[in-house]
Every structure is written in C-alpha cells, then in structure tokens.
Amino acid sequence: MTTLITNIKELLQVREISIEKVSGKDMQHLPTIKNAFLLVENDMIADFGDMTNLPNINADKIIDAKGKMVLPSWCDSHTHIVYAGNREQEFVDRINGLTYEEIANRGGGILNSAKTLQNTTEDDLYQQSIPRVKEVIKLGTGAIEIKSGYGLTTEAELKMLRVAKRIQKDFPVLVKTTFLGAHALPLDYKNRKDDFLDLVIDEILPKVAEENLADYIDVFCEKGYFSLNDTERILEAGKVHNLIPKIHVNQFNAFGGVALGVKHNALSVDHLEELNPEDITALQGSNTMPVALPSCSYFLSIPYTPARQLIDAGLPLALATDYNPGSTPSGNMNFVVSTACIKMKMTPEEAINAATINGAYAMGLSNQCGSITKGKKANLIVTKEIPSYGFLPYSFGNNHIDSVIIAGNVIY
Ligand code: NIG
Ligand code: FE
C-alpha cells in the first residue's frame, strides 16, 4: 500500500539524516520543505521532497494537502493514561482552597486513584482507558509512554501494566511502558516506608520483569514521597532487571534528584518546575533528557519549568502531557505546545522540536519516530489550512488537525 501526499504547503521537521535529539541553540532550527510531497509505503516514510522533484509514482492513494502542513505525530513521553475513575471532587476542593499537598495528606491524591483502581477489574480498566487513547491519537499523538503507579499493590500494579501492554498490542501507535511502583506510600505502610520499598523491589519488580511488562523504571522523588536514598534503591533494583530510569523529580522541591537521575543514566528527568543551578550543571554533558509538563503546571497553578534556562544552557528539552487524573486530566499535546510558547517563552520551533524528536528520544524511539526521515514510521499529522506553523501554538485551544496518519493509515 502506497500513499502519496502532494502539494504540502510546508513539510515540518525534515531530517534527511536521522538525529537522536536537538539541544540548545539547535532547537531554534526547525528544518522544513515548502511545497512538498511525502510518500508512504506500508507503515513507513519512503520518500519526500520538493513537488518540483515529484517522481512518477503510481500510488494506491493520493492525498492533496494544498494549503496544509504535514508534520511528524507528537511524541508524548510521559503519561499515566491508564487509570480508573477521576478526581473531579479534588479539583473542586482545590478551587475551594485546599492545596494539592493538603488533599494528598488526608488520603486523597494518588492514594485516592489507587483505591479506585484496585477495585476495578483489568477489563474495566482497559475499557476506561481506551477512549483516552483514541482521543489522544485524534489529537495527533503517535507515540506514547504509559506508566503504572496507581496500583500500589502487586496485583494492581501488574493489572495496570498488563492494560498498558494490551494498548500497545491493540493500537497502531508506538507505546513504551514504565513501572512506577514507588509513586506514593500506601496507608497500610504508614511509617513503614522501607517495607513498602521491599515490596516494590523484591516482589513487584521481579514479576514486572518476568512478564516483560516494562521498558523503564520510575519513582516519585519528592518530599513526602520518596527520598534520594529511596530513589537510589529503586533505580539500582531496576538496573538488575535492565530497566532504564525515567523519573519524576523537582515537581515541588529541588534537592538533588536531577543529579541522582543523571548518575544512574536516566533517559529522562521529568517535571523540573523547581530547578537549581546545580541541576543544570548535572544535566550538562549527560545523555539525560529534561522533560517539561506545562499542562500540569497549568492545572495545579505551580511554576512552569524554566525552559529558557535549560535551553540557553545548551541543553535539550522535551515536552509531554503527564496525562493523569490528579495533576493533568488532559492528554492534548497541541495545548502543551501552545502553553510552552505562551508561558515558558519557547519559540514555535523549539516547542515543535521538543514535542517531536526530543519526545521520541525520551522514549528511546528517536530511530523510529519524531521526524520526517526515510525509514521512520509514517505517523503523521496533516493540519487544516493554516497560514504558518507558528499558527499552531499561536491560535491556542483550537483544533488545527485535519487528519492523522498512523502506521501509514489515515485514522481520523
Ligand atoms: O506526574 N507527580 C506525581 N505523579 C503525577 C500525578 C499524580 C496524581 O496526582 O495523581 C504527576 O503529576
Ligand atoms: Fe507524571
């Protein structure tokens, strides 16, 4: 099956030679071809170029993209899209004055979601998660990472990851999974944190590894959750099972989690709403991708990750949604890209690089997606007729997607 897209007003994120990620000043550069064609063969990008060089092809299907842009699908490297129920009541409680921390301290927050999930069957959890997966695909996401962490028991953590694996199997998007056993301390383990870490490390983790349920290991390294020592224990244990770290750090407090992640060769360190100069130094020269989650900052009214500081220090930056019931009940990467420009002073070029190739890097998928490169998966966004690519973040909150192509098939 071949699909030829012709008359593309501008083809974005064109990388003739595959790159892993873009950093610092290079993020300002978004290579494009105006008046372009793109050829898809089966599920792959087979060719692209200027319309004036359009080869004589007998394609099975032709899409005329006159006035429209084509770009690689969004790569959302941080989500908790598998969850049960919702936390609308806590949302109202916060409106009425309680803080996220206060809600968590009285047994709400992550523990609230865990309780609901523990009482949900695997099949029901899958059924509840599917509409969200379909929704984000429609919004242009073509690669997604999915975490556990709302189980907090052996059974429920495995249930979450099995659902994530079913999504990987049943949907054409690229999916990576992450074991986030140390997300919060269950009430039964109050004042017995080491016992809970023992459970995560000695009981849950080996089962996760045995069933091959996760690519990565995560931990919520935060005051009131898991300390540097706890984090180190988890990451060391993950290493035994070849699970690379991708960790939650610096959401509310900066106390050395970034350097610890770098020390353990984390693929990414995510959140970073709080950032110290030492965190930047730790990231310099490392292979660890900093990941910002602006819709979490938006929803919780907490600071935005200081993107300018990171990029101006020569570092790369990826953007992701953090889709979850507590801090970010939205998986809209278009909103993330807009918010990064509006609130974090990223340029459209930087934000698009951050949401495509750098997001792919943060999932270990740079060789498969995140740019228009021959041999990469044909996961693409075709926009409506828009004046320029800067219009995508500028005209925020509006849907500029005409259609989505996943693995070579027009999905929506
Ligand atoms: O990334 N920060 C930790 N975990 C999630 C949200 C947890 C929740 O409130 O359910 C996050 O924001
Ligand atoms: Fe998260």
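The values are calculated or read from the model by the stated rules, or taken from the named source; none is laboratory data. Here the structure is a predicted model, which is why all the values come from computation and not from measurement. No Cβ is skipped: glycine too gets one built from the backbone with ideal geometry, and neighbour counts run over all protein chains shown.
Some notes on this structure:
- Residues in the stretch 94-128 that are touching a residue at least 12 places away in the same chain (Cβ under 8 Å), in contact with a Lys or Arg (Cβ under 9 Å, 6 or more places away or on another chain) and of a type outside the set (Val, Ile, Thr): Tyr100, Gly107, Gly108, Gly109, Asn112, Ser113, Leu117, Gln118, Glu122, Leu125, Tyr126.
- Filtered residues of the stretch 105-123 (kept if in a loop (DSSP other than H, G, I, E, B) and within 16 Å of ligand 2 (Cβ to nearest atom)): Gly109
- Conditions (1) more than 16 Å from ligand 2 (Cβ to nearest atom); (2) buried (at least 24 other Cβ atoms within 10 Å of the Cβ): number failed by Ala209: (2)
- Only listed residue being within 16 Å of ligand 1 (Cβ to nearest atom), hydrophobic (A, V, I, L, M, F, W, C) and either within 21 Å of Asn112 (Cβ to Cβ) or surrounded by 24 or more Cβ atoms within 10 Å (Cβ to Cβ) (or both), chosen from Ala156, Ala143: Ala156
- Criterion (within 16 Å of ligand 2 (Cβ to nearest atom) and on the phi < 0 side of the Ramachandran plot) met by exactly one of Thr99, Thr79: Thr79
- Residues that are within 15 Å of ligand 2 (Cβ to nearest atom) and more than 17 Å from Ser338 (Cβ to Cβ), drawn from the stretch 296-323: Leu300, Ile302
- Condition met for Leu228 (touching a strand residue (DSSP E or B) at 6+ places or on another chain (Cβ under 8 Å), crowded, with 20+ Cβ neighbours inside 10 Å and of a type outside the set (Lys, Arg)): no
- Any hit, the stretch 390-410, residues being of a type in the set (Asp, Glu), outside the structural domain of Leu139 (by TED's automatic domain parsing) and more than 18 Å from the chain's Cα centre (by Cα): yes
- Within the stretch 78-104, considering residues that are assigned to a helix (DSSP H, G or I) and loosely packed, with under 13 Cβ neighbours inside 10 Å, the one nearest to ligand 1 (Cβ to nearest atom): Glu101
- Filtered residue count, the stretch 261-275, keeping only those that are of a type outside the set (A, V, I, L, M) and over 15 Å from Val219 (Cβ atoms): 2
- Only a single criterion out of (1) part of a helix (DSSP H, G or I); (2) within 16 Å of ligand 1 (Cβ to nearest atom); (3) closer than 27 Å to Asn332 by Cβ is not satisfied by Gly149, namely (1).
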